[in-house]
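What follows is a set of notes on a single structure, which appears directly below.
Just so you know, all these numbers are worked out from the coordinates, no wet-lab data involved. Only a predicted model underlies this, so the values are computations on that prediction, with no experimental measurement involved. Ideal geometry is used to build each Cβ from the backbone, glycine not excepted, and the neighbour counts take in all protein chains shown.
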Amino acid sequence: MLGHSLLLLAALGGAILLFRHSETLGEAPGSQLKVGSLSLLFVALAAMGQLLLNPATQDVATLQRLLDNLALYAGLPLLATAALALGMGWYWSRAGWGRWLLVLFALFELLRRMGLGAEYTLWMSVAIGAALAVSGWRMTALSARLSAAAAAPLVIIGISSERIMATTPPELLPPLAMAVSLGLVSYALWQQTRSQPADQ
């Protein structure tokens, strides 16, 4: 429960921070922060579902699983893409972000039906970590670079710690690692765009 509480606080705090800051920016960096805020909201909903819902019935357990999948297979890749887009100086329209979200949904469903869900989770964790590392390398603010680089290994641990450790990790480790990584990514995105004018 403590781990999911920390994850909820980190995701909600990051979502609020990025959304409020996006309102002071121009369209290009503002859209990336709004996408990051939405992805963090997905994670917050999953953490809230774990805290508030009692999986005593099959319907509630299914709802929890849907929220977890939304956070893991859509929210986190979306957040990593927003960080990478900010670091690389890419701009995507709202329609472009919507299409990318649909691709993430379709890719998850395709690989799940192919029986490659576990492999996809591991590959995705490495891809997200790599995207955060590259985005940190491309960011100009030193604190943003360090934060994104530190978040990269933590997000891999948070997603796939059961598969990269020889023994079963403590129950608190995955949500704690994820909470810290989300806080670091949120700070990196905020710090990178602090000096950007509103008309950029």
Chymotrypsin sites (Phe, Trp or Tyr not before Pro) restricted to segment 18-124 and DSSP loop, no more than 15 other C-beta within 10 Å = Trp90, Tyr91
task = Please find, in a Gaussian network model of the chain (springs between Cα atoms separated by less than 10 Å), the residue of Ala56, Ala85, Ala177 whose mean-square fluctuation is greatest.
result = Ala56
request  = Please give the contour-minus-distance gain from Trp137 to Ala61: 0.36 nm per residue of separation, less the Cα-Cα distance, rounded to one decimal in nm.
outcome  = 23.4 nm
query = Once you put a point 7 Å from the Cα of Asn54 and another 7 Å from the Cα of Ala118, both along the Cβ direction, what distance in nm separates them?
reply = 3.2
task = Find how much the distance from Arg194 to Val126 grows on full extension, using 0.36 nm per residue of separation minus their present alpha carbon separation; answer in nm with one decimal.
result = 21.6 nm
ask   = Considering the chain as a Gaussian network with a 10 Å cut-off on Cα pairs, which listed residue, Ile16, Ile128, Ile157, attains the greatest mean-square fluctuation?
value = Ile16
Loop GluC sites (Glu not before Pro), segment 3-109, which have at most 14 other Cβ atoms in a 10 Å radius of their Cβ (DSSP) = Glu23
Highest-fluctuation residue, Ser31, Ser143, Ser181 considered, GNM on the chain with Cα pairs under 10 Å = Ser143
